[in-house]
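This report concerns only the one structure given below.
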Amino acid sequence: MHQEITKREKISPIKMLFFILIGTVVLILFNFVGNLLRINASLTDGLTLIIATVLAYIIIKKYITSYKYMLIEDEFIIQEITGSKEKTIIYINTNQIKKIKSINSNDYDKDKKQKFFKRKKLNKHLKNIDIYYCIYEENDKLNLLEIQPSSELIKLLNDIK
C-alpha cells in the first residue's frame, strides 16, 4: 500500500489581499457597465452575485483543495480533500491504465488531441513536482487524467502495470 497527499499551495496575506482587490474591482466595473447600459438593477445584482461565487469557487479549488493518491494492491484511488471532507474521484484497477507519462514527454501533444470520454485536471501546479497524464479505460471508453503525484508513485504504478 502506498499513500500520499499533495501539498496545498500556501496563500500569503498579500496574495489574498490582491485577490480581494481584483475581485472587488471586477465587480465594481461590472456594476458600472450595467448602470451605463441601463440594465435592470436586479439582473445586474444577480449576475454580480454569480461572478463573485465563481471567483470564490476558483480560489477555493486552487488554494484549499488537495488530492490524496492511494495505491492499494492493484487499485488506484484518488480522493479530493477540501477542509475535512474527502471525496473519491477516481477508483480504478491498475489494469485499466493504458499509459502514464510526464506531460513533458513527446507523446503528450499527440495524446491530448485524441477524443476522450472524460478529461480531468487534478494537479496543483506545485513547483518542483512533475505533472503526469494518465490514459485509462473505464466502461470501454478512454479517459484522460492529469495528476501530480510523486515520482515514487509513478514508478510503483508502472511496475504494477
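The numbers here are math on the coordinates, done by the rules we state, and not lab data. As the structure is a computational prediction, the values presented were derived from the model and not from experiment. For neighbour counting, all protein chains shown are included, and Cβ atoms are generated from backbone atoms with ideal geometry for every residue, glycine included.
How compact is the stretch 66-160 by the rule of thumb for globular proteins, expressed as Cα Rg over 2.2 N^0.38 Å?
Against the empirical 2.2 N^0.38 Å value, I get 1.04 for the stretch 66-160.
Return the whole-Å distance between the Cα centroid of the stretch 1-50 and the Cα centroid of the stretch 79-94.
When both Cα centres are located, 27 Å separates them.
List the relative contact order of the stretch 66-160 as a percent without decimals, with contacts defined as Cα pairs under 8 Å and 6+ residues apart.
Contact order relative to length: 24 percent.
Calculate how steeply helix 13-36 sits against the longest principal axis of the alpha-carbon atoms of the chain, using the helix alpha-carbon long axis, and give the answer as 0 to 90 degrees to the nearest 10.
Roughly 50 degrees between the two axes.
Mind checking which of 148, 117, 160 is farthest towards the positive end of the stretch 95-161's charge dipole, using Cβ charges of +1 (Lys, Arg) and -1 (Asp, Glu) about the Cα centre?
My answer, from the dipole projection, is 117.
Select one label from (1) 114; (2) 167; (3) 95: the one whose number is volume of the Cα convex hull per residue in Å³ as derived from the coordinates shown.
Answer by label: (2).
Can you find, among 16, 89, 105, the residue farthest towards the positive end of the dipole of the chain? Put +1 on the C-beta of Lys and Arg, -1 on that of Asp and Glu.
Going by the charge dipole, the pick is 16.
With respect to the cross-link table entries 101/121; 15/118; 99/141, which display a Cα-Cα separation exceeding 24 Å?
Distance filter (> 24 Å) returns 15/118.
Relative to the longest principal axis of the C-alpha atoms of the chain, give the angle of the C-alpha long axis of helix 151-160, reported between 0 and 90° and rounded to the nearest 10°.
Taking the Cα atoms of the chain, the angle to 151-160 is about 50 degrees.
Each residue of the stretch 47-64 in order: what ³J(HN,Hα) in whole Hz does its phi give by Karplus 6.51 cos²θ - 1.76 cosθ + 1.60, θ = phi - 60°, with x for Gly and Pro?
Those phi angles translate into 5, 4, 5, 5, 4, 4, 5, 5, 4, 5, 4, 4, 5, 4, 4, 7, 10, 10 Hz.
Taking the Cα centre as origin and putting +1 on Lys and Arg beta-carbons and -1 on Asp and Glu beta-carbons, what dipole magnitude results for the stretch 66-160, to the nearest 20 debye?
560
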